[in-house]
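The values are calculated or read from the model by the stated rules, or taken from the named source; none is laboratory data. Predicted, not measured: the structure shown is a model, and the values here were computed from it. Here the Cβ positions follow ideal geometry from the backbone for every residue, glycine too, while neighbour counts run over all protein chains shown. Surface areas here come from the heavy atoms of the whole protein model, side chains and all, with no ligands, DNA or RNA. Shrake-Rupley method; radii C 1.70, N 1.55, O 1.52, S 1.80 Å.
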Amino acid sequence: MIRNFFKRSAFIIVIFCISGLIFLGYRSLTGNIKSRLLGLSEKVFNADISIGQARLRFPVCLELKDIKIDNAISISSVRIYPSPASFFIKNKLIISKIIVTEPF
């Protein structure tokens, strides 16, 4: 009886720890994505760029919200869908679809 209780408790603790690690990893990944995108886009476009929010969505999709480029261009949101082939190629990103919402 006690042994069965410890098995269940250990299982619940392991599931809780794995869930916590997945949550913290997701939060860390979205923060790093935003800073890397800002650095890369400012370098490529040579312009002042701001991104209000960056997050990963299901299925594999990167969503950027409230994008402003040099206070001249404003975009409500952009969704970037990578191609599944890019997961098998090192150091290459193949984008299959980009959806831009409300550019101004």
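Of the residues screened, Phe104 is not one that is at pLDDT below 80 and closer than 28 Å to Phe23 by Cβ. Among all positions in segment 68-77, there is no residue which is open to solvent by 60 Å² or more (accessible area, probe 1.4 Å), touching a Cys at 6+ places or on another chain (Cβ under 9 Å), within 19 Å of Ser35 (Cα to Cα) and not aromatic (Phe, Trp, Tyr). Screening the candidates Lys97, Lys90 for the property of being among the basic types (Lys, Arg) and part of a loop (DSSP other than H, G, I, E, B) yields one hit, Lys90. On the stretch given as segment 33-58, residues that are open to solvent by less than 80 Å² (accessible area, probe 1.4 Å) and not in a strand (DSSP E or B) total 9.
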